[in-house]
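Engineer: Pasting a structure here, questions to come.
The values are calculated or read from the model by the stated rules, or taken from the named source; none is laboratory data. Bear in mind that the values here come from a model prediction, so they are computed numbers and not experimental data. Here the Cβ is made from the backbone with ideal geometry for all residues, glycine too, and neighbour counts use every protein chain on show. Accessible surface is based on the protein model in full, side chains and every heavy atom, while ligands, DNA and RNA are left aside. Shrake-Rupley method; radii C 1.70, N 1.55, O 1.52, S 1.80 Å.
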Amino acid sequence: MNFYKIVSVTTSVLFIYLTIQLVFMSDSFVSGMGLQPSETASVLAKRAAMFMLGISILMFASRNLTPSKARQIICIATGITLFGLAFMGSYEFIRGSVNSSIFIAIGFETVLWISFGIILLKNRIGHE
C-alpha cells in the first residue's frame, strides 16, 4: 500500500469518527475539550460534522488516485485544512479556551498535515 493511500484512508477514518462524535455526542465532545455544552455549541458541532463527512468521503474516494494534478490539489487543500485545525487548537489552548485534551487532536492533525506535505513534495520532485 502506498503512502498516499495510507494517509488518505487514515484521514477518512478519523474524519468519519469525528462526524459520528459531533452528530451523536456533541455535548460530550464539547465537554471533553473543557468547553461548556450549549445549544449553540451543539448546532455548530453538527454543522461542522457535515464538513468532516465531506472530507472523509473525498479522502476515501481518492485513495487510489495516481500522482496527478487532482491529487496534488487534494493534498494541498487537506493539508491546509489540517494545519489550520492544529493551529487553531494551539491558539485556543494558549488562550485558555480549551483544556489539554486538545493536544490529542493537535497531534493527529499535525502528523496528517505533514504527511500530506511530504506527499506533495515527493510528487513535485518526481514530476519535474
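Engineer: Does any residue of segment 100-121 turn out to be modelled with pLDDT under 95, more than 21 Å from SER12 (Cα to Cα) and in a helix (DSSP H, G or I)?
Structural biologist: Within segment 100-121, one or more residues are modelled with pLDDT under 95, more than 21 Å from SER12 (Cα to Cα) and in a helix (DSSP H, G or I).
Engineer: Pull out all pairs, ordered by first then second residue, where Cβ-Cβ is under 7 Å, the residues are six or more apart or on different chains, the first lies in segment 117-128 and is open to solvent by less than 80 Å² (accessible area, probe 1.4 Å) and of a type in the set (A, V, I, L, M, F, W, C), and the second is at pLDDT 65 or above and assigned to a helix (DSSP H, G or I).
Structural biologist: ILE119/PHE3; ILE119/TYR4; ILE119/VAL7; ILE119/CYS75; LEU120/GLN72; LEU120/CYS75; LEU120/ILE76; LEU120/GLY79
Engineer: For the subset of segment 11-40 comprising residues that are more than 14 Å from PHE108 (Cβ to Cβ) and of a type in the set (Gly, Ala, Ser), which member is surrounded by the most Cβ atoms within 10 Å (Cβ to Cβ)?
Structural biologist: My answer is SER26.
Engineer: May I ask you to list pairs of residues, at least six apart or on different chains, whose Cβ atoms are under 7 Å apart, with the first in segment 33-51 being on the phi > 0 side of the Ramachandran plot and in contact (Cβ under 8 Å) with a residue 24 or more places away in the chain and the second being open to solvent by 50 Å² or more (accessible area, probe 1.4 Å) and basic (Lys, Arg)?
Structural biologist: If the second residue must be open to solvent by 50 Å² or more (accessible area, probe 1.4 Å) and basic (Lys, Arg), no pairs are left.
Engineer: Hey, any hits in segment 58-66 for a residue that's modelled with pLDDT of 95 or more, among the small types (Gly, Ala, Ser), more than 17 Å from TYR17 (Cα to Cα) and open to solvent by 40 Å² or more (accessible area, probe 1.4 Å)?
Structural biologist: The answer is no; no qualifying residue exists.
Engineer: If I ask for residues that are of a type in the set (Phe, Trp, Tyr) and either outside any helix (DSSP H, G or I) or surrounded by 14 or more Cβ atoms within 10 Å (Cβ to Cβ) (or both), which ones from segment 67-97 would you list? First the steps, then the outcome.
Structural biologist: First pass over segment 67-97, keeping only residues of a type in the set (Phe, Trp, Tyr): 83, 87, 91, 93.
If the condition is that a residue be of a type in the set (Phe, Trp, Tyr) and either outside any helix (DSSP H, G or I) or surrounded by 14 or more Cβ atoms within 10 Å (Cβ to Cβ) (or both), then PHE83, PHE87, PHE93 are the ones that fit.
Engineer: Residue pairs, Cβ under 7 Å, 6 or more apart or interchain, first in segment 1-27 and more than 28 Å from SER68 (Cα to Cα), second of a type outside the set (A, V, I, L, M, F, W, C) and not in a helix (DSSP H, G or I). List them.
Structural biologist: Correct list of pairs: ASP27/PRO37.
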